[in-house]
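Enquirer: Below is one structure. I have some questions about it.
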Amino acid sequence: MRLGNDLTCERILIRDYKISDKEFCTGMWFDEENGTYLSDPTEEYVDDVYRSAIDEMEDNEDGYYLVIDDKEKGKSIGSCCVFSNEDRSNIDIGYCINKKYWRNGYASEAVQKLIEWAKEHNVKTVTAEVAKENEASCGLLRKLGFKVKEETKFRKYHMNIEYDSYVYELAI
């Protein structure tokens, strides 16, 4: 799915993913440190099925794949995604900031913008699943008013790594 129009914030803009973003995004997602708490695998566990899914992200009909750009520098600094349930009353979000830009408030700014976008589209709740160990992301969501809805687990794709996780929810 495509936003069509960029979502503009004070320092960043969130735009539709393009195939030309593939190297930047996979560089983050497959990086052992940057991608620690993502469900994406490290490079050695990427298979043809996964590669094909990445190649089809630009025109994916199941959700929005987005890139976060620094407005001033004109550089990509992260990615995010949005998936809605059938009646579009809930969206589930994910986000990743390149480790060069951690601890600068970019994830907070991006998540706040996704919440605003959700409100504009009459969404009732926003959810996000986060590894319990990921203290930075858990703290960010709590700071923005999210509450733990449930505890669950997720695995990294084709890897023997599983995380206990929280599903956070924000009623809007």
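The numbers here are math on the coordinates, done by the rules we state, and not lab data. Every value quoted in this text rests on a predicted model; they were computed, and no experiment measured them. As a convention, Cβ positions derive from the backbone with ideal geometry for all residues, glycine included, and neighbour counts pool all protein chains shown.
Enquirer: About its Cα centre, how strong a charge dipole does segment 46-172 have in debye, to the nearest 20, once Lys and Arg get +1 and Asp and Glu get -1 at the Cβ?
Expert: That gives segment 46-172 a dipole magnitude of about 800 debye.
Enquirer: Normalised by the empirical 2.2 N^0.38 Å for globular proteins, what value does the Cα Rg of segment 1-60 take?
Expert: So the Cα radius of gyration is 1.26 times the expected 2.2 N^0.38 Å.
Enquirer: Sketch the reach of a paramagnetic label on residue 90 as a point 7 Å from Cα along Cα-to-Cβ, and name the residues of segment 108-136 whose backbone nitrogen lies under 14 Å away.
Expert: Label zone hits: 123-130.
Enquirer: I've got another one for you. Within a Cβ distance under 13 Å of residue 167, other residues only, what is the Lys/Arg minus Asp/Glu net charge?
Expert: -2
Enquirer: Sticking with this structure for a sec: Figure the gain on full extension for residue 103 and residue 136 (residue separation times 0.36 nm, minus the Cα-Cα span) and round it to one decimal in nm.
Expert: Between residue 103 and residue 136, full extension yields 11.0 nm more.
Enquirer: Another question, if that's okay. How much length would be gained if the chain were fully extended between residue 45 and residue 162, taking 0.36 nm per residue of separation minus their Cα-Cα distance, in nm to one decimal?
Expert: 40.7 nm
Enquirer: Trypsin sites (Lys or Arg not before Pro) within segment 40-143: which are DSSP loop residues with at most 11 other Cβ atoms inside 10 Å?
Expert: Within segment 40-143, the qualifying trypsin sites (Lys or Arg not before Pro) (loop, at most 11 other Cβ atoms within 10 Å) are 73, 103.
Enquirer: Next up: Give the total of Lys-Lys pairs in segment 27-123 with Cα-Cα distances below 24 Å; include a pair only if its members are 8 or more places apart or on different chains.
Expert: Step by step, the pairs that qualify in segment 27-123 add up to 12.
Enquirer: Moving to a separate point now. Using only the alpha carbons, work out the radius of gyration and Dmax of segment 54-119 in angstrom.
Expert: For segment 54-119, the Cα radius of gyration and maximum Cα-Cα distance read 12.8, 38 Å.
Enquirer: Taking the Cβ-Cβ separation of residue 155 and residue 120 as r and a Förster radius of 41 Å, what is the calculated FRET efficiency to the nearest 0.05?
Expert: My answer for the efficiency is 0.75.
Enquirer: On to the next question. Radius of gyration and Dmax for the chain's Cα atoms, expressed in Å?
Expert: 15.2, 41
Enquirer: If you don't mind, another one. Segment 77-166: which GluC sites (Glu not before Pro) are DSSP loop and have at most 15 other beta-carbon atoms within 10 angstrom?
Expert: 86, 133
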